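**Q** Below is a structure I'd like to ask you about.
The values are calculated or read from the model by the stated rules, or taken from the named source; none is laboratory data. Source: prediction; values computed, not measured. Virtual Cβ from ideal backbone geometry, glycine too; neighbours counted across all protein chains shown. SASA here: full protein model, heavy atoms, side chains in, ligands and nucleic acids out. Shrake-Rupley method; radii C 1.70, N 1.55, O 1.52, S 1.80 Å.
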Amino acid sequence: EEGESYTTQAPHNQVYLFSYDDATFANKYMPSLNAQSEYLKTHPGARVLLAGHTDERGSREYNIALGERRANTVAQI
């Protein structure tokens, strides 16, 4: 997809894209997420910020909830 960039390494600024109006994590990102997980397991002092973002479509309240669902999806995998 346009603007998409991800790796199976564990960079500090990894971004995963979600489909429109969806909080389902795409299977194609699993190797990358697994690399992130392994990094965290081997670096117990590391800290992570999970943030779910949306575009400008939808109400502010809806987008806040969707962003939270997206972040929670990644956290629960």
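**Q** Using only the heavy atoms of the protein chains and a 1.4 Å probe, how would Ser37, Ser32 rank by accessible area, largest first? List each step's numbers first, then the result.
**A** On the way: Ser37 45, Ser32 0 Å².
Final ranking, largest accessible area leading: Ser37, Ser32.
**Q** Going from most exposed to least, what order do Leu17, Leu50, Leu66 have by accessible area with a 1.4 Å probe?
**A** On the way: Leu17 60, Leu50 85, Leu66 5 Å².
In descending accessible area the options line up as Leu50, Leu17, Leu66.
**Q** How large, in percent, is the carbon and sulfur part of the accessible surface of the chain at a probe radius of 1.4 Å?
**A** Carbon plus sulfur share of accessible area: 50 percent.
**Q** So what's the back-of-envelope 222 nm ellipticity for the chain, counting only DSSP H runs of four-plus at -39500 (n - 2.57) apiece and dividing by all residues, rounded to 500?
**A** Value at 222 nm, helices only, nearest 500: -13000 deg cm²/dmol.
**Q** Could you pull out every residue, at least 5 positions away or on a different chain, whose amide H is within less than 5 Å of the one on Gly52? Hs are placed 1.01 Å off N in the peptide plane, and Pro or chain starts have none.
**A** Residues meeting the criterion, in which the H sits 1.01 Å from N, are Ala71.
**Q** Given points 7 Å out from each Cα along the Cα-Cβ axis, report the Ile77 to His12 separation in nanometres with one decimal.
**A** 2.2
**Q** Could you tell me how many degrees, from 0 to 90 and to the nearest 10, lie between the Cα long axis of helix 30-42 and the main elongation axis, the longest principal axis, of the Cα atoms of the chain?
**A** It is inclined by approximately 50 degrees.
**Q** Additional query: Roll a 1.4 Å probe over the protein heavy atoms and report the accessible area of Arg57 in Å², nearest 10.
**A** Accessible surface of Arg57 is approximately 130 Å².
**Q** Length gain on complete extension for the stretch Ala65 to Leu49, per 0.36 nm per residue less the alpha carbon to alpha carbon distance?
**A** Gain on stretching Ala65 to Leu49: 4.0 nm.
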